[in-house]
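Peer 1: The structure under discussion is supplied below as structure tokens; questions concerning it will follow.
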Amino acid sequence: MPETHTATTAGSRSALARYVFAATLVRSADGGAVVAIVLLAHVSGQPGWIAGLLGASITAPHLLGPFIARRLDTARDGRKVIAASAVAHGTLLGVAGLLLPVTWAVVPSLLLIVSGLFGPMLTGGVSSRLPSIAGPSQKSQRRAQSWDVASYGLSGTLGPAAVAWLAAAASPLVATLALAAAAVVGAGAVLALPRQSPLDDPGAVPSPGRTLVTIRRSGPLRRTLVLTVVVAFSVAALPIYAVAVAPSLGGAALAGSLVASYGIGTLAGSGLLMVRPLHGDADKLTGVLAVVVPAALLLVIATTNFTAALVAFGAAGIANSLFFAATLAARSEYAPPEARGQIFIWVGALKIAAGSAGTAVAGALIGGTAWLPVAIVAALSTAAAAVCLVERSRDRT
């Protein structure tokens, strides 16, 4: 028995390592695509507004991702669906990059729109595979989710960083093609993951609309979705705030350091979770940690010097990392098997949309009072968390 247990544990660790490798590759391709295309548009002589539209062509279609996600839950082998999505994403991105300097911008824009449709498969879709890899115990599930958080943090850092380095060392086109290649290689890595048992009755998989109804009727899933969207909307104000406040802290260039500190905090948070995974009810954890995030945002706007601001941005990254892990746990534990992939993708897609909206709103409100949008979103997150915690308490009585 001990030898069997040891072999099983070693197998789970190997599968988890393969998962992190695959997830980081495909998510880096997705996360760095906007930076690569915008840089390529600039060096190709396109005006700024076209560069912005090209970037939006990649991110905006994420919201439509759930409408193709049902295939993930009905497939006999979901790995093939995700791998095909990664290949399609990478191929379309690469072709769009090759065509951008030599054709009308509308042509690569259409290719990028289709490429962006597959983005949610590389984020929430990949995460939906984790429960079958991590092992049956809550502790193993939570530790695996901390690695998933780390994958998001690494890809969110490595993708844009690799693009910046390759664009400077070679060209933005080379950077774009490297991301495309990463997506294709990542597809192969996805196929190397353990196969998840298919559903006995694929016909039981709900439509995208019915999946949303399932989320609405489930208190834990509904609260997870609401808080994920609100917190994503809130933390999206931080890069705008960093740019606005950096000159008063010593120079405009310090904005990059503040944003980097937030990213480092995200990775540090996932590291803490690897050492000490979250324990307890995922629904309650999501509500409690949704209060911690706005508290960290208030700490950010309370700082008056650069060193303190660095620490505060790092603390905000840690807080958001812990919150994100709680939402992954809630999605894993409360989603019905026949809709797990769709629920992961719905929440992920709406999170991305909320982040884009948060950035736009913060930019519109920043004006002459830099702290105002951060204070507003912190109040919004606190209120949403309070409502969800009260609702949860009522559901349990």
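Please treat every number below as a calculation from the coordinates, not as lab data. Nothing here was measured: the structure is a model prediction, and the numbers come from that model. Cβ coordinates were reconstructed from backbone atoms using ideal geometry, including for glycine residues, and neighbour counts include every protein chain displayed.
Peer 1: Work from the charge dipole of region 138-238 (Cβ charges, +1 for Lys and Arg, -1 for Asp and Glu, about the Cα centre) and give the residue of A168, V190, V226 farthest towards its positive end.
Peer 2: V226
Peer 1: Which semi-axes, in whole Å and largest first, does the equivalent ellipsoid of region 193-315 have when worked out from the alpha carbon gyration tensor as the square roots of 5 times its eigenvalues? Mind showing how you got there, number by number?
Peer 2: On the way: eigenvalues 274, 56, 45 Å².
So the equivalent ellipsoid measures 37, 17, 15 Å along its semi-axes.
Peer 1: Here's a follow-up. At R0 = 30 Å, how high is the FRET efficiency between L64 and L272 if r is their beta carbon distance? Nearest 0.05 is fine.
Peer 2: Working: r = 35 Å, r/R0 = 1.17.
The value I calculate is 0.30.
Peer 1: Straight-line reach from K139: which aspartates and glutamates have Cα under 15 Å away, leaving out those fewer than 8 places along the same chain?
Peer 2: Output for K139: D148, D281, E333.
Peer 1: Let me ask something additional. Taking the simple approach of a point 7 Å from Cα along Cα-to-Cβ for both V114 and H279, what is their distance in nm?
Peer 2: The answer from the label model is 5.1 nm.
Peer 1: Which values of log₁₀ I(q)/I(0), to two decimal places, follow from the Debye formula for region 1-198 at q = 0.12, 0.14, 0.19 Å⁻¹ with a uniform point scatterer at every Cα?
Peer 2: With no solvent term, the Cα-only Debye profile gives -0.59, -0.76, -1.22.
Peer 1: Please state, rounded to one decimal and in Å, the Kirkwood hydrodynamic radius that region 162-262 gives when every pair of distinct Cα atoms enters the mean of 1/r. Numbers along the way, then the final one.
Peer 2: Details: mean 1/r = 0.0534 Å⁻¹.
Roughly 18.7 Å, rounded to one decimal.
Peer 1: How would W147, W165, W104, W346 line up from fewest to most surrounding beta-carbon atoms within 10 angstrom?
Peer 2: The fewest-first ordering by Cβ neighbours comes to W104, W165, W147, W346.
Peer 1: Each residue of region 114-131 in order: what ³J(HN,Hα) in whole Hz does its phi give by Karplus 6.51 cos²θ - 1.76 cosθ + 1.60, θ = phi - 60°, with x for Gly and Pro?
Peer 2: Whole-Hz 3J(HN,Hα) from phi for region 114-131: 5, 4, x, 4, 8, x, x, 5, 8, 10, x, x, 5, 4, 5, 7, 5, x.
Peer 1: Expressed in whole Å with the largest first, what are the equivalent ellipsoid semi-axes of region 206-397 derived from the C-alpha gyration tensor as the square root of 5 times each eigenvalue? Don't skip to the end; give the middle numbers.
Peer 2: Working: eigenvalues 188, 58, 43 Å².
Largest first, region 206-397 gives 31, 17, 15 Å.
Peer 1: Would you kindly compute the Cα radius of gyration of the chain and its largest Cα-Cα separation (Dmax), both in Å?
Peer 2: Radius of gyration, then largest Cα-Cα span, for the chain: 20.6, 67 Å.
Peer 1: If you take the Cα Rg of region 295-363 and divide it by 2.2 N^0.38 Å, with N the number of residues, what do you get?
Peer 2: On the way: Rg = 15.8 Å, N = 69, 2.2 N^0.38 = 11.0 Å.
Ratio of Rg to 2.2 N^0.38 Å for region 295-363: 1.44.
Peer 1: To continue, here is another question. How would H42, H89 line up from fewest to most surrounding beta-carbon atoms within 10 angstrom?
Peer 2: Values: H42 15, H89 30.
Going from sparsest to densest Cβ surroundings: H42, H89.
Peer 1: Which value in deg cm²/dmol, rounded to the nearest 500, describes the helix-derived mean residue ellipticity at 222 nm for the chain, given -39,500 (n - 2.57) per DSSP H run of n ≥ 4 and division by the residue count? Let's see the in-between values first.
Peer 2: Working: 16 runs with 313 residues, N = 397.
The per-residue figure over the chain is -27000 deg cm²/dmol.
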